[in-house]
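Before any comments, here is the structure.
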Amino acid sequence: MCPLRFILVFFSAVLAGYFAWRTVRSSPEADDMVSDDSTAEKTSLNDKQEFNLKRMIQNGFWLFVDMASGRYLWRNLKEMKKDAALKSS
């Protein structure tokens, strides 16, 4: 077995993890939460956090599926080309 194969798998897993982490952390649902002092709002906030945790897990799963199929990379490459075209014009 070629040791280069293990190095390639390691770096691709690190890269996929980085993109997944960046995507999950930049989700707009995580930025919407604001804490207040009333107990009803704290309960509501706790429910929102649980919902956001479930939402982050679901997004992470589908992100993994997209990365495994190559769809994530294709979508990002198209966005990069679009951004480059907008900057050049």
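Of all the numbered requirements in (1) at pLDDT 80 or above; (2) of a type outside the set (Lys, Arg); (3) within 17 Å of Ser12 (Cα to Cα), Met67 misses one, and that requirement is (1). When you go through (1) open to solvent by less than 100 Å² (accessible area, probe 1.4 Å); (2) in a helix (DSSP H, G or I); (3) at pLDDT below 80 one by one for Lys42, which number turns out not to apply? With (1) open to solvent by less than 100 Å² (accessible area, probe 1.4 Å); (2) in a helix (DSSP H, G or I); (3) at pLDDT below 80 applied to Lys42, the lone miss is (1).
Given the structure, is Asp36 modelled with pLDDT of 60 or more, surrounded by 10 or more Cβ atoms within 10 Å (Cβ to Cβ) and among the acidic types (Asp, Glu)? For Asp36, the condition - modelled with pLDDT of 60 or more, surrounded by 10 or more Cβ atoms within 10 Å (Cβ to Cβ) and among the acidic types (Asp, Glu) - is not met.
The values are calculated or read from the model by the stated rules, or taken from the named source; none is laboratory data. Note that this is a predicted model, so its numbers are computed, not measured. A quick note on method: Cβ atoms are made from the backbone with ideal geometry, for glycine too, and the neighbour counts reach across all protein chains shown. Calculation scope for accessible area: heavy atoms of the full protein, side chains included, ligands and nucleic acids excluded. Shrake-Rupley method; radii C 1.70, N 1.55, O 1.52, S 1.80 Å.
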